[in-house]
1. In region 174-202, which residues are on the phi < 0 side of the Ramachandran plot, open to solvent by less than 40 Å² (accessible area, probe 1.4 Å) and either modelled with pLDDT under 90 or in a loop (DSSP other than H, G, I, E, B) (or both)?
2. Which condition number in (1) in contact (Cβ under 8 Å) with a residue 40 or more places away in the chain; (2) open to solvent by 10 Å² or more (accessible area, probe 1.4 Å); (3) more than 23 Å from Thr301 (Cβ to Cβ) is the one that Asp459 fails?
3. If you scan region 434-480, which residues turn out to be among the aliphatic types (A, V, I, L, M) and part of a helix (DSSP H, G or I)?
4. Return the residues of region 544-568 that are buried (at least 22 other Cβ atoms within 10 Å of the Cβ) and more than 20 Å from Gly485 (Cβ to Cβ); say none if nothing qualifies.
5. How about region 387-424: which of its residues are among the hydroxyl-bearing types (Ser, Thr, Tyr) and either on the phi > 0 side of the Ramachandran plot or open to solvent by less than 10 Å² (accessible area, probe 1.4 Å) (or both)?
6. Does Gln510 satisfy being part of a strand (DSSP E or B), out of contact with any strand residue (DSSP E or B) (no Cβ under 8 Å at 6 or more places or on another chain), surrounded by fewer than 20 Cβ atoms within 10 Å (Cβ to Cβ) and not small (Gly, Ala, Ser)?
7. When you scan region 487-507, how many residues do you find that are assigned to a strand (DSSP E or B) and of a type outside the set (Ser, Thr, Tyr)?
8. In region 268-284, which residues are surrounded by fewer than 22 Cβ atoms within 10 Å (Cβ to Cβ), more than 20 Å from Pro543 (Cα to Cα) and either free of Cβ contacts under 8 Å to residues at least 24 places away in the same chain or not polar (S, T, N, Q) (or both)?
Amino acid sequence: MKRRVQWRCAEEQSTRQFQLRLFGVAALFGVMVLLLGWRVVDLQVIRGEELAKRAVRQQERLVAVEAERGTIYDRQGRVLAMNTELPSIFAVPTSIEHPVALGTELAGILGQPKGDVIRRLSTDRSFVWIDRHASPARAQAALELGGEGIGVVAESRRFYPNRSLMSHLIGFAGLDNQGLEGIERSYDRLLRGERGWVAVERDATGRIIFPKGRWPKQPTKGKDLRLTVDAVIQYATERALDAVIRETNAKRAIAIMMEPNTGAILAMAVRPEFNPNQVSGLDAGQWRNLAITDLYEPGSTVKPLVLAGALTDGVVDLNERIDCEQGTMIVANSRLHDHQPYGFLTPQQIIQHSSNIGAAKIGMRLGAERLRYWLTAFGLGQRTGIDLEGEASGLLRPVSQWSGLSVASHAIGQELGITPLQLVTAYAAIANGGWLVRPHLVEAVVAADGSVSRPASVDPVRRVVSAQITEQLREMLVSVSESEGTGAKASLTGFRVAGKTGTAQKINPQTHRYDPQAVVSSFIGFVPAESPKFVLLVVVDEPNGKGWGGTVAAPLFHQIAGEALHYLGVVPQSAPGSSRPVQLARSVRQKEPARPVRSMDIDRSRVAVAGMLPVTLPEATVSAVMSVE
């Protein structure tokens, strides 16, 4: 009995323990359910919106997308630079199981080195470029070959439909649509527009899986540019430069055409050329714009500028006759020559026959300080301010560094270094009645909404000389292109051409003396003389044979100017051979009296730039200045 009672008590105790354990488990389960419910409420209700945003941030990645570059047009609306869509091939190396086999096949399709392709496919990166801006056929073949590890995306590429036309002027953009040279670089901020952002899906490891097609910010297309340059005139200019290089085997050739009243560039050509669509492998020197970056000694084209200063300062009279000493004069123990012996010449005859001795004597009357002042007043040795990066300042040394020969050398355009554009700007001041203008290349900036802005001012920089002086110079320059002048081959039937020849010898880097066999031939002028439509400079570097400016550069001016006048529809204003203009040009600002150029108007900074036409200043002991025009 006692045992039975004990067994029954043990059984009851066991039952109570089981019930307690069951109740504990049920309570624990109930608490867990409550906690889980609370967690659900917390996640779904209380913090649901915040966590959803966090999930999106973790699963998405915003990728920058460059905007389409603006289009570049010539002054007539012809397209010079535009964007096209091309397929670019990429790979996701972490998704490729057999990179060696795939890389070998891809290299054969794309024509790339096998080792390079395999190396890119064998990395642990989630994205690599295989071939950017590929042909559609190659892109399709790569897609069919690569499966999920290879993809194609459309990318915008800069395209130049006219190939080498205007190449040094327009420049080019890189693979990422960033302007690298020329107008493309100078106006890159406007052309590039604003980048956008596209959302892409990422997996748990952060790898990009596929685009989601969501654009938090659409890219904004860059602004369009309308240039001052005319593609037809530019083409005629480049074709003429090609011909002169073929005929003379010259090293290089440059031509610049500018409207004298506004500074608008109508043409700026450099030869040899390059194709901006294919710049890979080219040397930087092949795309440098020599018209603004390289220095040369301008030779006799400087003489009218010196005479303008002498006439303004009153040290020369138009009617006097200056002794040119039959073609030879000793200056600072050096012998100065004329290309022909002359006796007494008037200032006009000195310009017409390009007498070195006559010009040197005029420079000596001015003296070193006033001579340098007038060269600087016309903008020589200074940046013109054109809207292109990379413009050189030129080289016009302070008088303290001049030798006894320097006044004569500067007066005939040697011993100083300028850019071709500086000379064009100086002659524009003669053509427009005495005003120095700032050259520019962009006529208008056009936004996406059609609004138009003008980036460059056409207001003149300063007055250099009076309109009366420029009229006198104009008549002298017209005589240069007449039958007895050095530039007779620049004459145009029915038009009066005002211009000047230049033949500057170059310094031999070995002997440090002027080399009579290495010259820079040039001609600069404006036409019609009485109402100029443009100023045109042509420069030919080291032509073979007799490289006089009158025999090489003057005919080149004749060809380019003649075609440009015909294209522009300019009607002849004088009879062939006429020695007087039909009507003298009058500056639109002629009523305003000329004011002297003050020193504060002139940037006297100097920067020596090694350039296309090397300028090596001669030592003070140069034994002779050879005969040049």
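The values are calculated or read from the model by the stated rules, or taken from the named source; none is laboratory data. Quick caveat: nothing in here was measured; it's all calculated off a predicted structure. Methodologically, a virtual Cβ is constructed for each residue, glycine included, from the backbone with ideal geometry; neighbour enumeration extends over all protein chains shown. Each accessible area value is taken on the protein alone, full model and side chains, heavy atoms only, with ligands, DNA and RNA left out. Shrake-Rupley method; radii C 1.70, N 1.55, O 1.52, S 1.80 Å.
1. Across region 174-202, the qualifying residues are Gly174, Gly179, Tyr187, Gly196, Val198, Ala199, Val200, Glu201.
2. (1)
3. The answer is Ala467, Ile469, Leu473, Met476, Leu477, Val478, Val480.
4. Passing the criteria: only Ala564.
5. If the condition is that a residue be among the hydroxyl-bearing types (Ser, Thr, Tyr) and either on the phi > 0 side of the Ramachandran plot or open to solvent by less than 10 Å² (accessible area, probe 1.4 Å) (or both), then Ser393, Ser406, Ser409, Thr419 are the ones that fit.
6. Against the criterion (part of a strand (DSSP E or B), out of contact with any strand residue (DSSP E or B) (no Cβ under 8 Å at 6 or more places or on another chain), surrounded by fewer than 20 Cβ atoms within 10 Å (Cβ to Cβ) and not small (Gly, Ala, Ser)), Gln510 does not qualify.
7. 10
8. Phe274, Gln278, Val279, Ser280, Gly281, Leu282, Asp283, Ala284
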